[in-house]
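Read the structure below first, then the notes.
No lab work stands behind these numbers, since they all come straight from the coordinates. Everything quoted here is computed from the prediction, not taken from an experiment.
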Amino acid sequence: SSGINAEYGGIDIWQVKAGTIFDNILITDDEDFARNVAKETFEESAKGEKEKKEAKDEIERKKREEERKAREAEEAANEADDEEEDELEDDDESAFAEDAEVEEAAAADPEEEAEVKSVKEEVKDEL
């Protein structure tokens, strides 16, 4: 015996990753005994813990995938809205251009000019 008569001991554990749990702490100088205890405790509990971690990781992966798909769908919808707005603007521009062409053609022919005027008045009255 080394002459140390200790009834209690303390362990200062420094952890790098928060949330680490320590249990089944064994203090011995018998390596064979330590290996046997590890097989009976740690190796058995590690299997279940690994399965739980894999299940949790899978849930998190699915959540990230759903979030990614939702983002992509939202971006696609925004792009479709932008394209629709661009098309509406293009349609408005082409409608004005067509009106201008009709008016130019009507200006060359007095009868057609009168007809265009009449149609415009009818449309205006309907509005």
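The figures follow:
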| quantity | calculated |
| --- | --- |
| Stretchable slack from D57 to D82, in nm (0.36 nm times residue separation minus alpha-carbon distance) | 5.3 nm |
| Proximal lysines relative to K117, as straight alpha-carbon distance under 18 Å, when same-chain residues fewer than 8 apart are discounted | none |
| Computed lengthening from N5 to K50, 0.36 nm per intervening residue step minus Cα-Cα distance | 12.2 nm |
| Hz values of 3J(HN,Hα) by residue in the range 27-38 - Karplus curve (6.51, -1.76, 1.60), Gly and Pro given as x | 10, 7, 10, 9, 4, 4, 4, 4, 4, 4, 5, 4 |
